[in-house]
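Heads up: the structure comes next, in structure tokens.
No lab work stands behind these numbers, since they all come straight from the coordinates. The model shown is predicted, which means the values in this text are computed figures rather than measured ones. For neighbour counting, all protein chains shown are included, and Cβ atoms are generated from backbone atoms with ideal geometry for every residue, glycine included.
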Amino acid sequence: MTKLAFVFPGQGSQYVGMGKSVAEAYPAAADVFSRANDLLHTDIAALCREGPESELNQTYNTQAAIFVTSVATLAALREAGYTAEPDFVAGHSLGEYVAYVAADVLSFADGLKLVRERGRLMAKAGDENPGKMAAILKLSDEQVGEICRQASEEAGWVQIANLNSPGQVIISGSAAGIDRAIELAKAAGARRAQELAVSIAAHSKLMESANAEFAAAVESTPLNPPRIPVVGNISAQPLTTLAEIKAEMVGQLTHSVQWTQSVQYMVGQGVSRFVEIGPKDVLTGLIKRIDRTVSRASVDDAADIEKLLEATVD
């Protein structure tokens, strides 16, 4: 029997105009944006629709904006009549919080509040411990790990942030360390080694100063046991207890995102269809590189919803 997974994108997938199409076509999506505006006491819907891009790209805003857009897109998909229940849910970094909402671990309101606090604390940690991130393409995970070790010794702390797909690794750390790692990667034959347009060193120990405050925020947030298995970023395994979920939420700030292993785990459990829900189609592309045998669909706007419904009928 075909198994289905819903996956949700993380920071970097934002763009001006996201969510506009689904909010115009589906009242359920418009309601999510309206509720978000009320909860945040700011017009997050307008920021998603109209920008400015510079404001949308600020970590404090980006995380909330992607979270709201992804939940709104999921609501639109349900309103449109897509009733298939996923066997697993997972999200890339920030996207994991949308997975928690989909699995009824978090309410939308509590999830938005927690994501807003996560963005605030990560931005604050970035101000306290400046750093940056870079993408390394076409080197093995082991090669990139060795480059991080050498760069850390020679210039400043660097670590693997995201294992996105075979041959695509994101590194994170101090500015000097990242610069040295890029040099080493190029010398090792990387097809590309370039800095990302990100203002913080996410998923690195430079985020440690956010841990205590965020742990307190997590502890004060009502959580429910997952209705659908949520595959966690750190372990690439289902998070089955509230203690595991809380540890994942806090640990995710400083640990690597094991996206390749997460997808491989779900495929190993029989998942043969992945539906990415939220802005852009980054995860769909990564999943194609991880396993070409599975089917993939991305749902970013109203046209994508119609296309998915047609494919389901066929």
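Going down the table (LYS124/LYS246; LYS113/LYS288; LYS138/LYS246; LYS138/LYS288), which pairs top 27 Å between alpha carbons? Please report the intermediate quantities before stating the final value.
On the way: LYS124/LYS246 21 Å; LYS113/LYS288 33 Å; LYS138/LYS246 34 Å; LYS138/LYS288 16 Å.
Beyond 27 Å: LYS113/LYS288; LYS138/LYS246.
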If you stretched the chain out fully between THR2 and THR42, how much longer would it get, using 0.36 nm times the residue separation minus the C-alpha to C-alpha distance?
-> 10.2 nm
Taking H placed 1.01 Å from N in the peptide plane, check which residues at least 5 places from GLU276 or on another chain put their amide H under 5 Å from its amide H.
-> VAL7, ALA297, SER298, VAL299
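Given a Förster radius of 30 Å and the C-beta distance between SER295 and ARG149 as r, what FRET efficiency does 1/(1 + (r/R0)^6) yield to the nearest 0.05? Mind dumping the intermediate values first?
Numbers: r = 38 Å, r/R0 = 1.28.
Computed FRET efficiency for SER295 and ARG149: 0.20.
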Evaluate the distance, in nm, between pseudo-label points positioned 7 Å from the Cα of THR83 and of ALA176 along their respective Cα→Cβ axes.
-> 6.2
How large is ³J(HN,Hα) for each residue in region 39-54, as worked out from phi by the Karplus curve 6.51 cos²θ - 1.76 cosθ + 1.60 (θ = phi - 60°), to whole Hz, x for Gly and Pro?
-> 5, 8, 6, 8, 8, 5, 5, 5, 5, 5, 6, 10, x, x, 4, 4
Between VAL16 and LEU242, Cβ-based FRET efficiency (R0 30 Å, step 0.05) works out to 0.20
Separation of alpha-carbon centers, region 261-309 and region 167-229, rounded to whole Å = 23
Report, for the chain, the % of DSSP beta bridges that are antiparallel, rounded to 5.
-> 50
So what is the 222 nm mean residue ellipticity for the chain from helices alone, if each DSSP H run of at least 4 adds -39500 (n - 2.57) and you divide by all residues, rounding to the nearest 500 deg cm²/dmol?
-> -15500 deg cm²/dmol
Relative to the chain, whose Cα atoms define the longest principal axis, helix 242-251 and its Cα axis are tilted in degrees, nearest 10, by 50
Under the Karplus relation with 6.51, -1.76 and 1.60 and θ = phi - 60°, whole-Hz ³J(HN,Hα) for region 117-122, x at Gly and Pro, equal 5, 4, x, 5, 6, 5
For helix 302-313, report the angle its Cα long axis makes with the longest principal axis of the Cα atoms of the chain; keep it between 0 and 90° and round to the nearest 10°.
-> 70
Size of electric dipole in the chain: Cβ of Lys, Arg +1 and of Asp, Glu -1, about Cα centre, debye, nearest 20 = 560
